[in-house]
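The structure appears right after this line, and notes come after that.
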There are 2 protein chains.
Amino acid sequence: MFSCYNKVIGLYSNLINNVKGFGTLVILGIDPGVATVGFGIINEKDGVPKPKRYGVISTPAGIRLALRLKQINDDVSQLIKTFKPDAIAVEELFFNTNQKTAVMVAHGRAAVILAGEEHGIPMFEYTPLQIKKAVAGYGRATKKQVMEMVRRLLLMEQIPKPDDAADALAIAICHARYTNSLLNIEGGGVCSTI
Amino acid sequence: MFSCYNKVIGLYSNLINNVKGFGTLVILGIDPGVATVGFGIINEKDGVPKPKRYGVISTPAGIRLALRLKQINDDVSQLIKTFKPDAIAVEELFFNTNQKTAVMVAHGRAAVILAGEEHGIPMFEYTPLQIKKAVAGYGRATKKQVMEMVRRLLLMEQIPKPDDAADALAIAICHARYTNSLLNIEGGGVCSTI
């Protein structure tokens, strides 16, 4: 594993491996936002998810919203070109938060969705409840429990950092599980395309 | 004036004139959304706004969100290429509405902003209060009063239709007024760039 920071695209990430085996599904999970967009790429084969790359796209607070959205759009586009995901899984917006925050996140989410659509990648969305169920087996699991399950499922020594990247890996794992077995997840079977 | 409906880009609009005189500022006003994006293009010279084109971009409800955002992004891009605006003015999100609606509008707004940024057009945002003050001279003006003032200011025989297009023209007029005189508007002087 190595860490890198790409100044050009403002993208900090950890590369685990970059080899895609035969019959492997590559999934890009996204935890949307404007200041920080978490991303997690996994290889999934025969129901076993393996981490490929994860990290965050950070945009500085002092620049115009339009520039931040452009940077997110460009960076996600760059991730797609580099890792060629078969699917993108994005977290649905959680509506119990502050409305101003929700509206900002929605802007960033649209920039991500547009990048996926420009490359013709199938996109799926999952609620926090679906993600918790798929990763920790329990819809009311705590954030810490979900993080720990991400670590275990991906056979990692440490919980991946930062949190937004771990969240994105959880979303990717969630999609892998829904794709493999729509029936094995309690209350599952609903896989929404964006 | 003639009306046209472009099936390719799902764009309904009314063309008033397509001539840009010397020293004229072309402003594209946008009333953001996902199902309907209102747009209004005006020529402004020596403080006098003239309507150039207005209409709505409509996206069908039955298609994926990603496709709708792509269509909005493409259509706004097409408007920019055709009318070469010097500035884009977009309504700020009004936070007292339903949160689900606000989040959807934010997605559409981001698609508009990204199109503007891709073409390097300066973008500005105005609150509903600023728009009402600039157009009707009164922050608590009714929607009907604002529409009527749009008609009068643009020397049109009828109030422009549909409403989203009239709203977009009001936003364009608002930007023209702020640009010409930051001090003449009560409570004005705040011109936020996006």
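The values are calculated or read from the model by the stated rules, or taken from the named source; none is laboratory data. Here the structure is a predicted model, which is why all the values come from computation and not from measurement. Don't worry about glycine lacking a Cβ; one is built from the backbone with ideal geometry, like all the others, and counts go over all protein chains shown. Calculation scope for accessible area: heavy atoms of the full protein, side chains included, ligands and nucleic acids excluded. Shrake-Rupley method; radii C 1.70, N 1.55, O 1.52, S 1.80 Å.
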Give the ranking of B:138, A:54 by solvent-accessible surface, highest area first, calculated with a 1.4 Å probe.
B:138, A:54
Treating the point 7 Å from Cα along Cα-beta-carbon as the label, what are the nm separations from residue A:81 to the other copies, to one decimal?
2.0
Taking amide H positions as placed 1.01 Å from N in the peptide plane, with prolines and chain starts having none, which residues 5 or more places from residue A:194, or on another chain, fall under 5 Å of its amide H?
A:123, A:124, A:125
Would you mind listing the distances between the residue A:142 label point and the same position in each other copy? Use 7 Å along Cα-to-C-beta, nm, one decimal, shortest first.
5.6
Per-residue average of Cβ from other chains inside 10 Å of B:36-48:
0
Karplus-derived HN-Hα couplings along segment A:136-142 (A = 6.51, B = -1.76, C = 1.60, θ = phi - 60°), whole Hz, x at Gly and Pro
9, x, 7, x, 9, 4, 6
Which ³J(HN,Hα) values, rounded to whole Hz and listed in residue order, are derived for segment A:103-116 from phi using the Karplus coefficients 6.51, -1.76 and 1.60 in 6.51 cos²θ - 1.76 cosθ + 1.60 with θ = phi - 60°, glycine and proline given as x?
5, 5, 4, 4, 4, x, 4, 5, 5, 5, 4, 5, 4, x
Which whole-angstrom value gives the distance between the alpha carbon centres of segment A:118-157 and segment A:54-113?
18 Å
If amide H atoms are modeled at 1.01 Å from N in the peptide plane, then the residues at a separation of 5 or more from residue A:41, or on another chain, having amide H under 5 Å from its own are A:29, A:52, A:53, A:54
Output the antiparallel fraction of DSSP beta bridges having both residues in segment A:13-185, as a percent to the nearest 5.
70 percent
On average, how many beta carbons from a partner chain sit within 10 Å of the beta carbon of a residue in A:167-177?
0
Cut-off under 16 Å on the C-alpha distance; same-chain residues fewer than 8 positions from residue A:132 excluded. Which lysines are left, in chain and number order?
A:143, A:144
Heavy-atom accessible surface of segment A:13-185: percent carbon and sulfur, 1.4 Å:
54 percent
Per residue of A:87-93, how many C-beta atoms from partner chains lie within 10 Å of its own C-beta, taken as a mean?
1
Residue-wise, which Karplus ³J(HN,Hα) couplings in Hz belong to segment A:31-39, taking 6.51 cos²θ - 1.76 cosθ + 1.60, θ = phi - 60°, and x for glycine or proline?
9, x, x, 10, 5, 9, 10, x, 9
Area buried, chain B against chain A - accessible surface, total, 1.4 angstrom probe, square angstrom:
2300 Å²
Inter-copy spacing of residue A:35 label points, which lie 7 Å from Cα along Cα→Cβ, given in nm from shortest upward:
3.4
